[in-house]
Amino acid sequence: MTPPRCLLLSLPWLALCLCQCAKDKIHTIAISVPDQRMAVYKKGELIREYRVSTSKFALSDQPGSKGTPLGHMEIAKKFGGGLPPGAVLKDRKWTGEILPPDSPGRDPIVSRILWLRGLEPQNANAYNRYIYIHGTAEESRLGSAASYGCIRMASRDVVELFDIVGVGAGVDVRNEPLRRVSPGPTPVAWVSPVSPLNQSVEAPRIMPPHSEASAVLPVRIPPPPLPTSSEMVWLPPGPPGSYAMTP
């Protein structure tokens, strides 16, 4: 039996809706303001790193501040799929122009847009402030704070990122550096300045045979040495305050 024509016509629309509703839960993005770098994870494993630019004005979510908001956000919408690198975007639409990197006197949004939505009080205005991850024509300034609030990337990098992550992928922006270690399943992590490693530990009291309890004194075990930079890791971004240090 042949399905009704109206049903066949509605199938592509239904598939598109299902794709848009399914959030990306396997990719996360971490952005370090001091390092001006982005790390991309898949199921907790680092898969990409890129140079970026955050705001040259402030770290803020206040309307009119031109600042980059901190904290946990997500990718709300994506624009520019299939456009050539350097495609100039205005109001999230291609103008028809393609701009080479570092064109003199030009600083438009190019290539791709990943629109961010804040998930915390400290970044609640991000979506309405049009905070994006997007391509920039000023690629020579990447690695330094140069934007008006958005997170800028090179065209080739933002095109690759656009194809890797989906709507709903988490984005964590922090005013903390990335800590590097040798390659592994979790090569980078946010490191907390306060750690149980800074505290001494009292060993349990063991009563030797034929002795008085008063004659047994607790033994103080000195704290282990603080880890070197090669032992620190930056875990993939998680809920606010999920700082960690591995032994």
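Only the coordinates and a few stated rules stand behind these numbers; no lab work does. As the structure is a computational prediction, the values presented were derived from the model and not from experiment.
For region 88-177, take N as its residue count and report Rg(C-alpha) divided by 2.2 N^0.38 Å.
1.10
Under the 0.36 nm per residue contour assumption, what length would be gained going from the current alpha-carbon distance of A124 and S140 to full extension?
Between A124 and S140, full extension yields 2.7 nm more.
Please work out how much length the chain gains when fully extended from A76 to R48, using 0.36 nm per residue of separation minus the C-alpha to C-alpha distance, in nm with one decimal.
8.0 nm
So which lysines can K66 reach, going by Cα to Cα under 25 Å and dropping same-chain residues fewer than 8 places off?
Those lysines meeting the cut-off are K56, K77, K78, K90, K93.
Which whole-Hz couplings ³J(HN,Hα) result when phi for each residue of region 106-116 is put into the Karplus expression 6.51 cos²θ - 1.76 cosθ + 1.60, θ = phi - 60°, listed in order with x for Gly and Pro?
Rounded to whole hertz, the list is 10, 8, x, 7, 9, 6, 8, 10, 10, 7, 9.
Between Q62 and T95, 0.36 nm times their residue separation minus their Cα-Cα distance comes to what?
That works out to 8.9 nm of additional length.
Could you pull out every one of the lysines with an alpha carbon less than 18 Å from that of K42, ignoring same-chain neighbours closer than 8 positions?
Excluding near neighbours in sequence, the set is K23, K25.
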